[in-house]
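The values are calculated or read from the model by the stated rules, or taken from the named source; none is laboratory data. Keep in mind the model is a prediction, meaning the values are calculated, not measured. When we count neighbours, we look across all protein chains shown, and the Cβ atoms used for this are built from the backbone with ideal geometry, even at glycine.
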């Protein structure tokens, strides 16, 4: 019985550990090399403080990604999934977030000057621009 419990716990740890890193490593390498990764899976990727100026992330899956303090100015995030992403303090000046999913995303302290949203995202404050 102890062996069975140990086996179950071991499998649970292996499965649970894999879930923490959901993004595709190839996609991350592509983004770093080309500054573009359309439709890529970057869910839960650690991109905090990353310089993604003018990156093309159209349709990318960034669900739960850590983009804390990232430079996303003039980045194309059209149709991207940013559900639950941490965009705290990120620079989104001139970024295109048309049709992007921002449900549950943290935008505290994010710079949103000239950022394109659709539909209109009521409640977002870009008055300091």
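Among the numbered conditions (1) crowded, with 17+ Cβ neighbours inside 10 Å; (2) in contact (Cβ under 8 Å) with a residue 40 or more places away in the chain, tell me where residue 22 comes up short.
The number of the failed condition is (1).
Here's the yes/no breakdown for (1) modelled with pLDDT of 95 or more; (2) touching a helix residue (DSSP H, G or I) at 6+ places or on another chain (Cβ under 8 Å); (3) assigned to a loop (DSSP other than H, G, I, E, B); (4) within 14 Å of residue 47 (Cα to Cα):
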position: 68; (1), (2), (3), (4): yes, no, yes, yes
position: 74; (1), (2), (3), (4): yes, no, yes, no
position: 83; (1), (2), (3), (4): yes, no, yes, no
position: 93; (1), (2), (3), (4): yes, no, yes, no
position: 108; (1), (2), (3), (4): yes, no, yes, no
position: 121; (1), (2), (3), (4): no, no, yes, no
position: 126; (1), (2), (3), (4): no, no, yes, no
